[in-house]
Amino acid sequence: MSAYPTPPWDPELVEAANARAAMPPISLETLEEKRRTMVDGAPDEPVPDLTAGGRVLVEDRTVPGPYGDPDITVLILRPAAAPTTRAGIYYVHGGGMMMGTRRNGVDAMVGFAAEGLATVISVEYRLAPENPHPAPVQDCYAGLVWVAQNAAELGIDADRLMIVGASAGGGLAAGTALMARDLSYPALSHQVLMAPMLDDRLETPSSQMLDGEGFWDRHENLVGWTALLGSHCGGPDVSPYAAPARAEDLSGLPRTYLDCGSSETFRDEILTYAQRLSGAGISVDLHMWGGGFHGFDSIAPEALVSRTATAVREAFIRRALKE
């Protein structure tokens, strides 16, 4: 049992939180089944319409991976209306570093393409533990470079390219943004990090407070980080591209949106990252939603706190795309 108290779930989230807690935890033994579930979806879960009723053109494309490594696949969502130059959203899916595909979670970005505000590109990166660090973040960076180099063909204004990621994808997005800064290419206008996985050290109260309850507790978190980093997890020699909380210098990064629930494992590392970004002179929008567990807005989307969190995030992205 954890020595750190967990803030109570929002009343509208209790049922969903308990249902999640009743599921088998993520482990190396359950990983393949969890992967299949992320690919196939739950039996009663509708398949998202990525075409938005025909307003979005959907394309899978194979593009160059990191030098000397396999090619990667990206999913491209373009407005079907007459082509104009627009902003670009580079999306990185979640899944604890171990699960997911380019189609997971990208439905949250479809509306921006349907409105003609952006072309959305979602990257399929290699997964741990079969492909530990640096493979995932290098794939993400390679895909971002391809987007920047082919911005004109994609209808993207190269000066309006943002990176968006959720959970592990948020951590990889933050690592990719650090890499892009350090390599001086490409320039990013914004980073939107949705409940990102940032710190492998698991030393904060929130990283310890959940034990067999809610979703993505301290044990699952350790499984994910160990899959990515192996014996280096928690040690002194972890790259900030793998665990962005390790970065000593956060200056020169793009304007940042960060959010989390008050009752999730990643809470404290997100709050600290936001504070450090702000201290480095970065404009930061930070939102912590009371009673939210990890991924609450996608798991229980009809709850008022979920609808509010989604609306606030979408308003930020929409405003950024129009700048």
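The values are calculated or read from the model by the stated rules, or taken from the named source; none is laboratory data. These numbers come from a predicted model, not from an experiment. Please note: Cβ atoms are built from the backbone with ideal geometry, for glycine as well, and neighbour counts cover all protein chains shown.
Laid out as a table, the results:
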read-out: Residue in the stretch 285-300 that is within 16 Å of Ser167 (Cβ to Cβ), charged (D, E, K, R), in contact (Cβ under 8 Å) with a residue 24 or more places away in the chain and touching a strand residue (DSSP E or B) at 6+ places or on another chain (Cβ under 8 Å) present; value: no
read-out: Residues that are among the aliphatic types (A, V, I, L, M) and either part of a strand (DSSP E or B) or more than 16 Å from the chain's Cα centre (by Cα) (or both), drawn from the stretch 91-114; value: Val92, Ala113, Ala114
read-out: Among residues of the stretch 69-90, those that are part of a loop (DSSP other than H, G, I, E, B) and at pLDDT 95 or above, counted; value: 3
read-out: Residue identified as touching a Pro at 6+ places or on another chain (Cβ under 7 Å) and farther than 19 Å from Pro254 by Cβ among Asp107, Asp200; value: Asp107
read-out: Residue match in the stretch 227-239 (condition: closer than 26 Å to Ala311 by Cα and touching a residue at least 60 places away in the same chain (Cβ under 8 Å)); value: no
read-out: Evaluation of Cys140 against (1) within 20 Å of the chain's Cα centre (by Cα); (2) part of a loop (DSSP other than H, G, I, E, B); (3) not polar (S, T, N, Q) (one fails), failing number; value: (2)
read-out: Matching residues in the stretch 270-291 - criterion: being surrounded by 19 or more Cβ atoms within 10 Å (Cβ to Cβ) and closer than 26 Å to Glu12 by Cβ; value: Ile270, Ala274, Trp289, Gly291
read-out: Test set (1) assigned to a helix (DSSP H, G or I); (2) over 24 Å from Ile317 (Cβ atoms) - Leu13 fails condition number; value: (2)
read-out: Qualifying residue in the stretch 292-301 (condition: buried (at least 18 other Cβ atoms within 10 Å of the Cβ) and closer than 21 Å to Ala118 by Cα); value: no
read-out: Test for Gly65: is it within 17 Å of the chain's Cα centre (by Cα), touching a residue at least 12 places away in the same chain (Cβ under 8 Å) and in a loop (DSSP other than H, G, I, E, B); value: no
read-out: Check on Leu28, surrounded by 13 or more Cβ atoms within 10 Å (Cβ to Cβ) and of a type outside the set (Val, Ile, Thr); value: no
read-out: Leading residue by the ranking (surrounded by the fewest Cβ atoms within 10 Å (Cβ to Cβ)) among those in the stretch 37-52 that are touching a residue at least 12 places away in the same chain (Cβ under 8 Å) and not in a loop (DSSP other than H, G, I, E, B); value: Val39
read-out: Filtered residue count, the stretch 179-233, keeping only those that are touching a strand residue (DSSP E or B) at 6+ places or on another chain (Cβ under 8 Å) and surrounded by fewer than 16 Cβ atoms within 10 Å (Cβ to Cβ); value: 1
read-out: Filter pass, Arg86 being of a type outside the set (A, V, I, L, M, F, W, C), touching a residue at least 40 places away in the same chain (Cβ under 8 Å) and either surrounded by 12 or more Cβ atoms within 10 Å (Cβ to Cβ) or in contact with a Gly (Cβ under 9 Å, 6 or more places away or on another chain) (or both); value: yes
read-out: Residues within the stretch 301-323 that are at pLDDT 95 or above, over 16 Å from Ala166 (Cβ atoms) and outside any helix (DSSP H, G or I), tallied; value: 2
read-out: Residue match in the stretch 53-64 (condition: under 19 Å from Arg318 (Cα atoms), among the basic types (Lys, Arg) and buried (at least 19 other Cβ atoms within 10 Å of the Cβ)); value: no
read-out: Flag if Leu154 is touching a residue at least 60 places away in the same chain (Cβ under 8 Å), among the hydrophobic types (A, V, I, L, M, F, W, C) and touching a strand residue (DSSP E or B) at 6+ places or on another chain (Cβ under 8 Å); value: yes
read-out: Of the criteria (1) farther than 16 Å from Val164 by Cα; (2) part of a loop (DSSP other than H, G, I, E, B); (3) touching a residue at least 24 places away in the same chain (Cβ under 8 Å), which one Lys34 fails; value: (2)
read-out: Single match in Arg78, Arg55 (criterion: in contact with a helix residue (DSSP H, G or I) (Cβ under 7 Å, 6 or more places away or on another chain), within 20 Å of Lys322 (Cα to Cα) and free of Cβ contacts under 8 Å to residues at least 60 places away in the same chain); value: Arg55
